[in-house]
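The values are calculated or read from the model by the stated rules, or taken from the named source; none is laboratory data. Owing to the predicted nature of the structure, the values given are computational and were not obtained by experimental measurement. As a convention, Cβ positions derive from the backbone with ideal geometry for all residues, glycine included, and neighbour counts pool all protein chains shown.
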Amino acid sequence: MSLRFLTCGESHGKGYLIILEGMPCGLAISKELIEQDLTRRRRGYGRGERMKLEKDEFEFFGGVRGGFTTGNPIGVVLRNSEWEKWRGAMDPFKVDKEEAAQKAVTRPRPGHADFAGMAKFGFEEARNVLERASARATAAWTVAGAICKTFLIELGITVRSAVTSIGTETADLPESDEKWAEAYSSDMGVTERNMEARLRRAIDEAGQSGDSLGGTFAVVVKNVPAGIGSYGEWDRRLDGRLAQALMAIPSAKGVEIGGGFELSKKPGSEVHDEFVLLSDQWDRGSNNAGGIEGGVTNGQDILVRVALKPIPTLKKPLHTFDVQTKQGATAHVERGDVCVVPAACVVGEAMTSLVLAQAICEQFGGDRMEDLKGRLKEHIERTRRMLHA
Ligand SMILES: Cc1cc2nc3c(=O)[nH]c(=O)nc-3n(C[C@H](O)[C@H](O)[C@H](O)COP(=O)(O)O)c2cc1C
Ligand SMILES: C=C(O[C@@H]1CC(C(=O)O)=C[C@@H](OP(=O)(O)O)[C@H]1O)C(=O)O
């Protein structure tokens with residue numbers, strides 16, 4: 001069965017419903033791992049007022065019994081902390097006209113879905129658009145992703161992320177488990193404490209001048225077996241699927257696999273990862289491919305980098321127009337974040353986990369975790385024999 005997830009909900013509505021269908025039965029579910037990822041997604045210096053208020057309370061609705069998946073669709077309810085405050089404007093049936101009018105967004109913010117969404121549906125103002133386009137939905141994606149990450153951990157596969165730049169300040173990718181642990185617990189998603197301070201300063205400067213900052217992050221997947229994905233059809237290639245899932249993160253504008261854009265500047269002799277003999281096993285001397293060749297994993301770590309634009313709602317608003325008066329205006333201002341890169345990289349882990357879990361379920365799936373693990377083990381052993389000198 002293929003694994004898929006859907007959500008419904010709005011940023012200032014009651015919350016989100018998450019349905020993850022196709023997870024095999026018998027997987028132990030860790031509520032703590034979901035809580036940890038939701039907490040990490042709220043992190044980061046530069047996030048706005050809402051992240052101090054939001055608790056991300058969630059409840060399992062179906063598909064898990066006694067701590068194990070049953071093979072039924074998994075349902076989770078994720079509540080918005082401020083629902084009561086927004087009820088007047090957002091209630092499914094009893095909307096208070098005055099409150100709704102106060103919340104109307106008639107001056108579309110450049111860089112947001114406001115105008116494009118109004119054009120799509122013919123809305124007279126953008127409230128319905130921004131409610132669904134909001135990155136609040138990434139909390140729901142993080143819940144689904146954390147369940148997929150639990151599935152991958154059970155198979156010995158780890159998905160981690162780190163911030164690699166904010167504005168023009170850069171940070172190194174962690175190189176050891178110890179460094180990854182530092183990035184995991186860092187508020188900024190980086191390894192060095194002095195780097196955290198530099199990134200905070202950059203965010204302060206942007207915030208003080210009413211501006212915002214983007215940046216980059218990397219997701220690294222370790223211990224992925226070779227041979228996952230497909231070269232058979234364009235929409236089954238794993239690199240393409242990862243790029244789609246990561247590009248869907250609000251504000252993501254670029255995705256690179258392995259050496260990415262830099263590879264285009266080098267000759268082939270410096271790019272392709274040669275096979276080398278390490279004791280009695282054939283291995284690779286480098287990993288410029290980022291663990292994927294021809295849309296299929298090659299057994300090396302998967303490395304994906306994502307570039308995020310600076311977020312669009314600015315305290316010093318950009319120029320726009322009012323869709324009702326047709327006059328020039330300054331863009332609508334909502335309270336908001338100055339920089340979201342440390343939060344977005346947690347969403348990057350979630351989306352990567354989802355795509356990988358999907359590919360593994362398609363290839364080795366079935367209804368039972370135990371059967372899937374057995375098939376995957378056989379596959380790994382066969383590959384090891386292939387690489388044995
Ligand atoms: C975790 C996270 C939080 C975000 N918070 C804000 C915010 O507070 N204000 C804002 O204008 N954009 C924020 N964004 C970005 C917008 O949601 C995004 O730029 C917008 O929906 C348009 O989508 P696009 O940039 O992918 O084209 C956030 C993005 C992420 C990933
Ligand atoms: C709520 C979250 O992020 C929100 C994403 C967002 C946007 O425009 O994307 C705008 C802000 O919403 P609000 O105006 O309600 O503060 C962010 O806080 C979240 O990440 O959980």
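Figures for the structure shown
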| item | result |
| --- | --- |
| Filtered residues of region 20-52 (kept if β-branched (Val, Ile, Thr) and within 17 Å of the chain's Cα centre (by Cα)) | Ile34, Thr39 |
| Residues of region 23-41 satisfying the condition of being assigned to a loop (DSSP other than H, G, I, E, B) and either touching an Asp or Glu at 6+ places or on another chain (Cβ under 9 Å) or within 16 Å of ligand 1 (Cβ to nearest atom) (or both) | Pro24, Gly26, Leu27 |
| Residues (closer than 30 Å to Gly75 by Cα and either modelled with pLDDT of 95 or more or touching a Cys at 6+ places or on another chain (Cβ under 7 Å) (or both)) located in region 153-194 | Ile153, Glu154, Leu155, Gly156, Ile157, Thr158, Val159, Arg160, Ser161, Ala162, Gly189 |
| Matching residues in region 209-244 - criterion: being assigned to a loop (DSSP other than H, G, I, E, B), in contact with a Lys or Arg (Cβ under 6 Å, 6 or more places away or on another chain) and within 16 Å of ligand 1 (Cβ to nearest atom) | Gly210, Gly214 |
| Qualifying residue in region 143-152 (condition: in contact with a Ser or Thr (Cβ under 9 Å, 6 or more places away or on another chain), more than 30 Å from Glu381 (Cβ to Cβ), modelled with pLDDT of 95 or more and within 13 Å of ligand 1 (Cβ to nearest atom)) | no |
| Condition check for Ala359: more than 16 Å from ligand 1 (Cβ to nearest atom), in contact with a strand residue (DSSP E or B) (Cβ under 9 Å, 6 or more places away or on another chain) and under 17 Å from Val304 (Cα atoms) | yes |
| Residue within region 38-47 that is surrounded by 19 or more Cβ atoms within 10 Å (Cβ to Cβ), at pLDDT 95 or above, touching a strand residue (DSSP E or B) at 6+ places or on another chain (Cβ under 9 Å) and over 14 Å from Ala350 (Cβ atoms) present | no |
| Hits in region 57-69 - residues which are assigned to a strand (DSSP E or B) and within 15 Å of ligand 2 (Cβ to nearest atom) | Phe58 |
| Enumeration of residues in region 1-22 that are at pLDDT 95 or above, in a loop (DSSP other than H, G, I, E, B) and of a type in the set (S, T, N, Q) | Ser11 |
| Candidate set from region 48-69 (those that are crowded, with 20+ Cβ neighbours inside 10 Å and closer than 23 Å to Ser185 by Cβ); member that is nearest to ligand 1 (Cβ to nearest atom) | Asp56 |
| Some residue of region 251-266 being within 16 Å of ligand 2 (Cβ to nearest atom) and either more than 26 Å from the chain's Cα centre (by Cα) or assigned to a loop (DSSP other than H, G, I, E, B) (or both) | yes |
| So Glu54, is it within 30 Å of Ala357 (Cα to Cα) and modelled with pLDDT under 95 | yes |
| Lone unmet requirement of (1) away from ligand 2 (no atom under 16 Å from the Cβ); (2) touching a residue at least 24 places away in the same chain (Cβ under 8 Å) for Gly348 | (1) |
| Neighbours by Cβ (under 6 Å, 6+ apart or cross-chain): first from region 32-60, within 13 Å of Asn80 (Cβ to Cβ) and acidic (Asp, Glu); second assigned to a helix (DSSP H, G or I) and within 10 Å of ligand 1 (Cβ to nearest atom) | Asp56/Ala139 |
| Residue count for region 173-208, restricted to those that are in contact with a Lys or Arg (Cβ under 6 Å, 6 or more places away or on another chain) and either more than 16 Å from ligand 1 (Cβ to nearest atom) or more than 14 Å from Val346 (Cα to Cα) (or both) | 2 |
| The one condition in (1) more than 16 Å from ligand 2 (Cβ to nearest atom); (2) touching a residue at least 40 places away in the same chain (Cβ under 8 Å) that Gln327 fails to fulfil | (2) |
